[in-house]
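The values are calculated or read from the model by the stated rules, or taken from the named source; none is laboratory data. If you're wondering where the values come from, they're calculated on a predicted model, not measured in any experiment. Every residue, glycine as well, gets a Cβ built from its backbone with ideal geometry; the counts of neighbours run over all protein chains shown.
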Amino acid sequence: MRRMNGVLSVLLLLFCLAKPASAQEVGGRAQNGQANGFQLEQNYPNPFNPETTIPFALGEELFVDGRPAVVSIRIFNILTQLVAYPAALRHPSGEGVDVDQLEYMQPGRYEAYWDGTDQMGRQVASGIYLMQLSVNGLKPLTRKMYVMK
């Protein structure tokens with residue numbers, strides 16, 4: 001068992017040292033990590049234990065009709081099972097509001113925070129997780145992140 005944990009740790013380290021995938025490589029039609037007026041940037045720190053910040057940007061083209069941008073960020077495990085919604089940082093609705101169909105009124109750079117727990121409040125296991133940004137129901141952007149304990 002101890003040997004198996006050592007092997008898994010080495011494999012995880014090799015994954016972490018590999019070039020991080022861009023939004024385009026993981027699954028968004030994007031150039032420079034941006035698609036349809038929004039951008040999902042790499043979380044930091046990455047790898048992390050136990051918490052991370054997820055930066056994203058909303059472009060002016062999302063607000064031309066005067067309506068707010070409706071934003072969701074979801075965290076999935078590698079089996080694509082929903083794990084959690086991160087919390088918005090410095091949002092007008094308040095700190096700690098889940099980024100799930102959350103309205104943003106103006107363009108800019110924003111951040112979300114994930115404490116490394118699932119929806120039941122349990123710490124997640126070490127491994128690869130996917131963060132997915134969806135805005136106004138447009139094709140989402142996805143990036144990998146790594147939890148290392």
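Which residues, counting only those in segment 127-149, are among the small types (Gly, Ala, Ser) and either under 25 Å from Val64 (Cβ atoms) or in contact with a helix residue (DSSP H, G or I) (Cβ under 6 Å, 6 or more places away or on another chain) (or both)? Lay out the reasoning, then the answer.
Applying the first criterion (among the small types (Gly, Ala, Ser)) to segment 127-149 yields 127, 134, 137.
Ser134, Gly137, listed by residue number.
Which of the numbered conditions does Gln81 fail, given that it passes all the others? Conditions: (1) without any contact (Cβ under 8 Å) to a residue 12 or more places away in the chain; (2) surrounded by 12 or more Cβ atoms within 10 Å (Cβ to Cβ).
Answer for Gln81: the failing condition is (2).
Quick check on my filter: what residues within segment 53-69 are in contact with a strand residue (DSSP E or B) (Cβ under 6 Å, 6 or more places away or on another chain) and under 17 Å from Gln101 (Cβ atoms)?
Matches in segment 53-69: Ile54, Phe56, Leu58, Leu62, Pro68, Ala69.
How about segment 65-149: which strands (runs of 3 or more DSSP E) wholly inside it have at least 1 residues that are touching an Asp or Glu at 6+ places or on another chain (Cβ under 9 Å), basic (Lys, Arg) and at pLDDT 95 or above? Even if it seems obvious, please write down each step before you answer.
Details: elements: 69-77, 82-84, 87-89, 102-104, 108-114, 127-135, 141-147.
Output list reads 69-77, 108-114, 141-147.
How many of the residues in segment 86-115 are in contact (Cβ under 8 Å) with a residue 24 or more places away in the chain and either under 21 Å from Phe48 (Cβ atoms) or of a type in the set (D, E, K, R) (or both)?
Narrowing segment 86-115 to residues in contact (Cβ under 8 Å) with a residue 24 or more places away in the chain: 86-89, 99-115.
Filter again for either under 21 Å from Phe48 (Cβ atoms) or of a type in the set (D, E, K, R) (or both), leaving 86-89, 99-100, 103, 109-115.
Residues in segment 86-115 being in contact (Cβ under 8 Å) with a residue 24 or more places away in the chain and either under 21 Å from Phe48 (Cβ atoms) or of a type in the set (D, E, K, R) (or both): 14 in total.
Among (1) within 17 Å of Met148 (Cβ to Cβ); (2) at pLDDT 95 or above; (3) out of contact with any helix residue (DSSP H, G or I) (no Cβ under 8 Å at 6 or more places or on another chain), where does Glu41 come up short?
(1)
Pairs, please: C-beta under 6 Å, at least 6 apart or cross-chain, first residue in contact (Cβ under 8 Å) with a residue 12 or more places away in the chain and acidic (Asp, Glu) and in segment 46-74, second surrounded by 18 or more Cβ atoms within 10 Å (Cβ to Cβ) and part of a loop (DSSP other than H, G, I, E, B)?
Short answer, once both residue conditions are applied: Glu51/Gly116; Glu61/Gly37.
I'd like the full set of residues that are in contact with a Leu (Cβ under 8 Å, 6 or more places away or on another chain) and among the charged types (D, E, K, R), limited to segment 110-134.
Passing the criteria: only Glu111.
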